[in-house]
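Participant: Let me begin by handing over the structure; questions about it come next.
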Amino acid sequence: RLSSDPTTAPYFQVVPQGISTKASDIMFAILADVFIGSPVSTFSHYIAHTRYALGIGNSYLFYRRNATTEKFETFCHDEECLQHWINMMVSLF
């Protein structure tokens, strides 16, 4: 939906489906100017971890809408959330 929106579409570069691979999609996401991920996606977490390790900064992974202000805001910072996620995954194994 973002790639077809008149406001955001000029900033998108879409990779044709025929040449897209999971590895290339992950690499593009890691190196993108902005990454908006899903907190329930393991790919998004891998991408966020890698971006954080490279010093790229906030990946917009841990955001939610504030019911009072109707604005999106982070509910924890990358380092805090990523470390919590690592601890949770390690405890499962």
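Participant: Could you derive backbone 3J(HN,Hα) for region 82-90 from the dihedral phi with the Karplus parameters 6.51, -1.76 and 1.60 (θ = phi - 60°), listing whole Hz in sequence and x where the residue is Gly or Pro?
Facilitator: Working through the residues one at a time gives 5, 5, 4, 5, 4, 4, 5, 5, 5 Hz.
Participant: For Cα pairs less than 8 Å apart in space and 6+ apart in sequence, what is the mean separation divided by the residue count of the chain, i.e. the relative contact order in percent?
Facilitator: Numbers: 69 pairs, mean separation 16.1, N = 93.
Rounded, it is 17 percent for the chain.
Participant: Another one. Keeping all protein chains in the complex and leaving out DNA, RNA and ligands, what accessible area do you get for Phe43 with a 1.4 Å probe, in Å² to the nearest 10?
Facilitator: Surface open to solvent at Phe43 totals about 100 Å².
Participant: So, one more: Which is the longest run of the chain containing none of the trypsin sites (Lys or Arg not before Pro) found in DSSP loop states (not H, G, I, E, B) with at most 14 other C-beta atoms within 10 Å? Could you put the intermediate results ahead of the total?
Facilitator: On the way: sites that count: Arg1, Lys71.
The segment 2-70 is the longest one with no such site.
Participant: Follow-up. About the Cα centre, and with charges only on the beta carbon of Lys, Arg (+1) and Asp, Glu (-1), how big is the dipole of the chain? Nearest 20 debye, please. Spell out each step's value before the answer.
Facilitator: Details: 6 positive and 8 negative charges, 40 e Å.
With only Lys, Arg, Asp and Glu charged at Cβ, the dipole is about 200 debye.
Participant: Express the accessible area of the chain per residue in Å², computed with a 1.4 Å probe while the remaining protein chains stay in the model.
Facilitator: Each residue of the chain exposes 78 Å² on average to a 1.4 Å probe.
Participant: Related question: Among Pro16, Ile86, Phe35, whose Cα sits farthest toward the positive end of the charge dipole of the chain (+1 at Cβ of Lys/Arg, -1 at Cβ of Asp/Glu, about the Cα centre)?
Facilitator: Looking along the dipole axis, the top candidate is Pro16.
Participant: Placing +1 on the Cβ of each Lys and Arg and -1 on the Cβ of each Asp and Glu in region 1-82, which of Phe75, Tyr52, Leu2 has its Cα farthest towards the positive end of the resulting dipole?
Facilitator: Leu2
Participant: Quick one: P(r) of the chain from all Cα-Cα pairs, 10 Å bins, percents rounded to integers, in order of increasing distance.
Facilitator: Per 10 Å bin, starting at zero, the Cα-Cα P(r) for the chain comes out as 14, 40, 34, 11, 1 percent.
Participant: Oh, and also: Can you list which of the GluC sites (Glu not before Pro) found in region 33-81 are DSSP loop residues with at most 12 other C-beta atoms within 10 Å? Could the numbers behind the result be given before it?
Facilitator: Working: sites: Glu70, Glu73, Glu79, Glu80; in loops: Glu70.
Here the GluC sites (Glu not before Pro) that fit, given the DSSP loop and packing criteria, are Glu70.
Participant: Quick check: at a probe of 1.4 Å, how many percent of the accessible area of the chain sits on carbon and sulfur atoms?
Facilitator: Numbers: 4370 of 7290 Å².
Reported share for carbon and sulfur atoms: 60 percent.
Participant: Let me ask another. Based on Cβ point charges of +1 for Lys and Arg and -1 for Asp and Glu, what charge dipole magnitude is obtained for region 50-93 about its Cα centre, in debye rounded to the nearest 20? The partial results should precede the final answer.
Facilitator: Numbers: 4 positive and 5 negative charges, 28 e Å.
Once rounded to the nearest 20, the dipole reads 140 debye.
Participant: Which ³J(HN,Hα) values, rounded to whole Hz and listed in residue order, are derived for region 10-26 from phi using the Karplus coefficients 6.51, -1.76 and 1.60 in 6.51 cos²θ - 1.76 cosθ + 1.60 with θ = phi - 60°, glycine and proline given as x?
Facilitator: x, 9, 9, 10, 9, 8, x, 4, x, 10, 7, 10, 4, 4, 5, 4, 5
Participant: Do the sum for the chain: with -39,500 (n - 2.57) for every DSSP H run of n ≥ 4, divided by all residues, what is the mean residue ellipticity at 222 nm, to the nearest 500 deg cm²/dmol? Don't jump to the answer; show the numbers that get you there.
Facilitator: Numbers: 3 runs with 37 residues, N = 93.
The helix contribution divided over the chain gives -12500 deg cm²/dmol.
The values are calculated or read from the model by the stated rules, or taken from the named source; none is laboratory data. Just so it is clear, the model here is predicted, and its values are computed rather than measured. Note: ideal-geometry Cβ built from the backbone for every residue, glycine included; neighbour counts use all protein chains shown. Surface accessibility is based on the protein's heavy atoms, side chains included, excluding ligands, DNA and RNA. Shrake-Rupley method; radii C 1.70, N 1.55, O 1.52, S 1.80 Å.
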